[in-house]
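None of the figures in this text is laboratory data; all of them are computed from the coordinates on show. This one's a predicted model, so the numbers in the text were calculated from it and none came from an experiment. A quick note on method: Cβ atoms are made from the backbone with ideal geometry, for glycine too, and the neighbour counts reach across all protein chains shown.
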Amino acid sequence: MHATVTRRQLLVRTASAAALAALGAGCQSAAARAARRPNVLVILSDDQGYGDLGCYGGTDLATPHVDGLASEGVRFTNYYSAGAECTPTRTAFLTGRYFHRVGGMECAIGTDNVGRYDDAIRLAEAHDLGLPASMPTLPRMLKDRGYATAGYGKWHLGYEPKFLPMHHGFDHFVGVLGGNCDYFHHAEVTGRKTLFEDDRPIEREAHMTDLITGEAVAFLERRRKAADADPFFLYVPYTAPHSPYQGPDDRRPELLSEEEWNKGDRAGYVRLVEHLDRGVGRILKTLEATGFADDTLVIFASDNGGNKKASNAPFSGHKSSLYEGGVHVPCIARWPGVLPAGRTCDQTCITMDLTASIAAAVGVPLGHYLPLDGIDILAHAAAGKPAVARNLFFRNRRGDRTWRAVRSGNLKYLSKTEGDAREEWFFDLAADPGETRDLLANRPDDARRLKALLAAWEREVRHTRGRA
């Protein structure tokens, strides 16, 4: 049972009632416009920067297959990952809610199931660090609607058996449990093997990108041969282009050492991006060959901004920070007959909007399982409506460092606390998307308003998990 929404809580909803009305006015929902319940294919890249695709301005790499998705669908220019690291965004996508509501998921779960800030450390010590199976999730929601569900790639939502994908609505899973792995040996830097099929460890001989692609392709081919006509949800969270920077030709007999794990240069990173793009191409080609393409909603996005080997241009900052470069990432959606080809959408949007859009597309009322923190962004894009102002909120933690941010319209308040040190900034993103001119001293009233919104939101999303 959910508590009555207070006047204060109303201040911090992701969009005001007026904004939601503007988004919905005249928009026929994607679900109503589709001829049938669509198949859903979600491809998530790992640590890919905003400028690391040709269709987003990248010039030193070739990504023809993802670029082709953009030419056949909608490219979002103001899309934000919910978090600045892996675990938070994945939590937000699967639950459709700010990950802060779960508890312990505000930082990437560390190698070997390590908690990296006080709340996560407490849960890890209790063997309870991960996404609880009691939490309603998108795959479970779709499974309840008759969808076949599968996930191939990176999980990163808990190592303990009770947190594995099979407990969250997936019929089949093959992938790694943690945040990264040696691309050939499928082990973490500690040597721990984390490649699983469903609930058991397995061994495979393949570059991790090829392994993920191969499983997705095999799933589509099995669906073509299936006797039933149930739609499917296929979740493909690649590990690329996350470190270590091992391209398909970089195999060596031994596991990389800890010193080698994060070494590499832009060229190595680009090789991973380009191989990822080839994998996406194989999946899309199979989607066509199996006859599913016209009835499939395809979404491609990055889980957070890139690190210093990536390109987050034109934004500043990198992964793990809440500067734009840490969370302002690429997102593309293709849905033949529903989303216009070649459209650009400038509406501010966030990870949870993808969840809400998929729910709407398959005919599940928003909030049927839990109130979602997103909107149907695909309906807005399909109708070609102008952008409206929204409030988006962010908080990421690691150690004693906490980043906080709120974007309200084109204004952004940003702060970082680390130990006893505190810094804060205020930006007008319309005039300064690179966040080079701090306006905190010039616009104190606007800064106070955004800080109040942020503080009220933090109170609203405060979780009680594992607390006395």
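Which three extents, in angstrom, do the Cα atoms of the range 261-374 have along their principal axes, listed largest first?
Principal extents (Cα only, largest first): 46, 37, 28 Å.
Just name one of ALA383, VAL217, TYR79: the one whose Cα is farthest towards the positive end of the charge dipole of the chain (beta-carbon charges, Lys/Arg +1, Asp/Glu -1).
Towards the positive end, the residue furthest out is ALA383.
Please report the relative contact order for the chain, taking Cα pairs under 8 Å with a sequence separation of at least 6, and give it as a percent rounded to a whole number.
26 percent.
Spin-label point model (7 Å from Cα, Cβ direction): what's the ARG266 to ARG465 distance in nm?
3.9 nm
Compute the FRET efficiency between LYS162 and ASP438 as 1/(1 + (r/R0)^6), taking r as their Cβ-Cβ distance and R0 = 60 Å, and round to the nearest 0.05.
The value I calculate is 0.85.
Pull out the extension gain between LYS451 and ASP230, defined as 0.36 nm times the separation in residues minus the alpha carbon to alpha carbon distance; nm, one decimal.
Value of the extension gain: 74.8 nm.
Dipole magnitude of the range 30-388 about its Cα centre, charges +1 at Lys/Arg Cβ and -1 at Asp/Glu Cβ only, in debye to the nearest 20?
960 debye
Using the 2.2 N^0.38 Å rule of thumb for compact globular proteins, work out how the chain stacks up: its C-alpha Rg over that value, please.
0.91
Less than 17 Å apart at the alpha-carbon level, and either on another chain or at least 8 residues along: which lysines does that give for LYS193?
Cα-Cα hits under 17 Å: LYS154.
Using just the helices of the chain, give the 222 nm mean residue ellipticity in deg cm²/dmol: DSSP H runs with n ≥ 4 each add -39,500 (n - 2.57), and the total is spread over all residues, rounded to 500.
For the chain, the value works out to -8500 deg cm²/dmol.
For the pair ASP346/ARG204, report the inter-label distance in nm, with labels modelled 7 Å from Cα in the Cβ direction.
4.2 nm
At 7 Å along Cα-to-Cβ for each site, give me the label-to-label distance between ASP144 and ASP60 in nm.
4.8 nm
Go ahead and run the numbers for FRET between ALA421 and ASP118, Cβ-Cβ distance against an R0 of 22 Å, rounding to 0.05.
Once rounded, the FRET efficiency stands at 0.80.
Give the lysines whose C-alpha is closer than 28 Å to that of LYS416, dropping any in the same chain fewer than 8 places away, or say none.
Cross-link targets: LYS263, LYS308, LYS309, LYS319, LYS451.
Of the options ALA447, TRP335, VAL66, report the single residue whose Cα projects farthest towards the positive end of the charge dipole of the chain (beta-carbon charges: Lys, Arg +1; Asp, Glu -1).
Farthest towards the positive pole: ALA447.
Hey, got a sec? Which GluC sites (Glu not before Pro) in the range 159-245 land in a DSSP loop and have at most 11 other Cβ atoms within 10 Å?
GLU203, GLU205
Need one word for the range 26-155: rounded, prolate or oblate. Basis is the Cα gyration tensor (sqrt eigenvalues a ≥ b ≥ c); a/c below 1.5 gives rounded, then a/b vs b/c decides.
oblate
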